[in-house]
Every structure is written in structure tokens, then in C-alpha cells.
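One structure is given here, and the rest of the page talks about it.
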Amino acid sequence: MKRKLKKYTTFDNVVIFPGTVERLIQKAHEYVESYKYHLANETFEEALKYSEGDEFTLSVYAYSLYETKSFERAKEICERVLSLGPTMYLEIMELYLTVCMQLKQYKQVEQIITSLIEEGAIPNDKIEKFQRLKELNANIAENKNQQEDISNNVRNEVDADAFSINNFLSLPPTEQLNKVHELTTTNIRPLVTQLKSIIEHEQTHPFIKSIILILLVEQEVNVEIRISKLDKSRIVNPSTLELPTKLPHFINITKMISEKLQKEPSTLEMVEYLIAKHAIVTYPFEWLEYDDEDVALAYIDFVRTMFGSVQEMDYELVQFLQMLEKLTELQEV
């Protein structure tokens, strides 16, 4: 009786065992569902070395790339999906156009939308949505030159000397915070060197470091910064960082709290307020080594004690939250 031989796929002389690609794709989807987009992208990329990928896999990968601001690669994957004539053609086309806008390819966006409308490729109930997208694209393109003029003149509008490390640190923390808030409506790229020095200086208050880092993230400034606080240190690049409220632990903790406090709206409101403040203080480290569920329960206990309720609690964790509260008030701890 002849033995049945299993078939194996090879890639660059490496044997790919049956089911490997499927397991990689499944793992990538799990990462996306957990908001771990960078891990998802790495896993999708590994799977696509050995497989062309189907429409659904490529679509999810494109969205995951968009979430990590990997716009060039997201555009490539969208183009691959569109070449398949996908069932979700309009959804993928909308993502593709959004990615092109992020890449400042405004003329291409206008040409594509115009062609789609003229060729009748968009159903009547979707035309208004694409027209709004076209108008938004046109407005951004029209304002582009004005924004560049503003960028060139920022040095004249902002007192750059105020952000030199010596001058800035000579101010009380409250005045430092006011100075930083003045930058929220300006292009901060001309001040990147000064802002980087402020974040990296050991005497800068942790809350001030966070606020400056958030400004850099919002404007997607591409620069490496070493940020140290709360006995932690890490090199980050604002152009690849998510904002505090988009980080996985924040999302998970707020979801838990919302579920636990459905019948206590006043407590829920106060807990959400504290979490949002504290997420800024710890940024980009979130709640350090603490478990998400422990953090959620500690916030609930913390707020209930504020409302006069006496109960058992994790005092170490509650003390940590109290320290974060002091830092949001620009106190030294």
C-alpha cells in the first residue's frame, strides 16, 4: 500500500507547512480586533509573503495600515484590492481616497471622484457622500498654500526664545503650560528642536512633557525623542504615535468601566474624567505595569471614596492614582 505524501509550499527554499498562512492571517485579525495595529501589520506582511491574499484579508490589512499612518503601504494594498473588483468596492475606494488625501495627492483625488461620478460608478444614494469628499479635498488643496505661508511666518508669530530650555524652565509650571497652549493653533515644526529639548530635560514636569508630546503627535512631527517619567524611559517618534485616548489600554479600561458603571452615571462620568486626565500624565506609558482590570476597579474605588463610600480597595494602586491626580495639578511628587 502506497503512503500518501503531504504537499508543502516552498518560498525561497523555506518549507511552508499547511495551515501556516491561515494561522498568520487569523492572528493578524485578532491583533486588529485588539487595536494592536502594528503587530497586525507585521503579521499580515508575513502572511502575504506566501499568499496573494483574498479581498477581505487585504481590506482589513489596508485599514490597519491606515490606523498606523502607514499611508504609502495602505495605498498599495488598496490598489491591490481594487484590482480584484471587490464586492466592497465603494468602501475600499473611500479609504483609498482618504489615504491619497493624507499623502496630499489632491489632484488625483479630484480626478478619481470626478471620473467615478461621470461614469455612473457611484449609486445615487452614495453620490452626495463622494461629492462632500470631493469638496473637502478641494478646500484642503485650496488652503495648502495659505498653510505653507503660515508655516514660513511662524517664527515671527511665536516668541521662539520663550521656548529655549533655560527661559522655559525658569517659568513656573502653570506659566509653562500657558506657553505650550499658545502653540495649539500654530505649526510647531520650526520649534521642534526647542520642544524636543524641553521634553528630554529631567527637570521638566511630567504633565508638561505629555502636553508637548501630544502637540507633536497631532501635527505628526517626524523626530525621535527620549521621554523619561515615572521611572520609565522610552524613545518615541510622534509621527507614529497614537493619541492617549487611542491607545489600547485606555480603550480597554474605559470599556470595562462603562460596562461596570452602567447604573451609576455620576460615578461613571467622574471616573471617565479622571482617566482622561491621568492618561495624559502617563503618556506614552499608559498605566505602566498595572493590569487593566485592576486599574479599572481602582478608579471605581477611588471615585466612590470621593463620594463618601468606605470599602476595601487596592491601596497601592489607589495611591498611584492619587499621585497622578497631583501631577495633573502640576504639583511635584
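The long axis of helix 292-306 is offset from the longest Cα principal axis of the chain by roughly 40 degrees. For Glu94 and Ser170, the FRET efficiency from 1/(1 + (r/R0)^6), where r spans their Cβ atoms and R0 equals 35 Å, is about 0.10.
If one takes the longest principal axis of the Cα atoms in the chain, at what angle in degrees, from 0 to 90 and to the nearest 10, does the Cα axis of helix 315-328 lie? With both axes taken from Cα atoms, the answer is about 80 degrees.
Taking Lys126, Lys229, Lys179 as the candidate residues, the one with maximal mean-square fluctuation in a Gaussian network model of the chain, Cα springs under 10 Å, is Lys126. Summed over qualifying helices (DSSP H, 4 residues or more, each -39500 (n - 2.57)) and divided by its residue number, the chain shows a 222 nm mean residue ellipticity of -19500 deg cm²/dmol.
Coupling constants for segment 193-202 follow from the phi torsions by the Karplus curve (6.51 cos²θ - 1.76 cosθ + 1.60, θ = phi - 60°), and in residue order they are 4, 5, 5, 4, 4, 5, 4, 7, 6, 5 Hz; glycine and proline get x. Per-residue Karplus couplings for segment 221-227, computed as 6.51 cos²θ - 1.76 cosθ + 1.60 with θ equal to phi - 60°, are listed in order as 6, 8, 7, 8, 9, 8, 10 Hz, Gly and Pro entered as x. Which one, Ile25, Ile188, Ile112, has the greatest fluctuation when you compute a Gaussian network model over the chain with C-alpha springs under 10 angstrom? So, out of Ile25, Ile188, Ile112, the one fluctuating most is Ile112.
Within segment 190-229, which residues have the backbone N less than 17 Å from the label spot 7 Å out from Asn178 along Cα→beta-carbon, could you tell me? The answer is 208.
Tell me, how many Å apart are the Cα centres for segment 237-292 and for segment 73-149? What the calculation gives is 33 Å, centre to centre. Applying the criteria of a DSSP loop state and at most 11 other Cβ atoms within 10 Å to the GluC sites (Glu not before Pro) of segment 190-278 yields Glu202, Glu224.
Pairs spanning more than 25 Å between alpha-carbon atoms, out of Lys75/Lys134; Lys129/Lys277; Lys69/Lys196; Lys36/Lys134: Lys129/Lys277; Lys36/Lys134. Spin-label pair Ile117-Asn139: with each label point 7 Å from Cα along the Cα-Cβ axis, the two points sit 1.5 nm from one another. The long axis of helix 124-152 is offset from the longest Cα principal axis of the chain by roughly 50 degrees. Taking the Cβ of Phe302 as the centre, find all other residues whose Cβ is under 11 Å away and add up their charges (Lys, Arg: +1; Asp, Glu: -1). Net of charged neighbours comes to -2. Extension gain for Val192-Lys36 works out to 53.3 nm (0.36 nm per residue, less the C-alpha to C-alpha distance). Using the Cβ of Phe71 as centre and a radius below 14 Å, the other residues enclosed give a net charge of -1, where K and R count +1 and D and E count -1.
Quick note: the coordinates plus some simple rules give every number you see, no bench work behind them. Predicted, not measured: the structure shown is a model, and the values here were computed from it. FYI the Cβ positions are ideal-geometry reconstructions off the backbone, even for glycines, and counts take in every protein chain you see.
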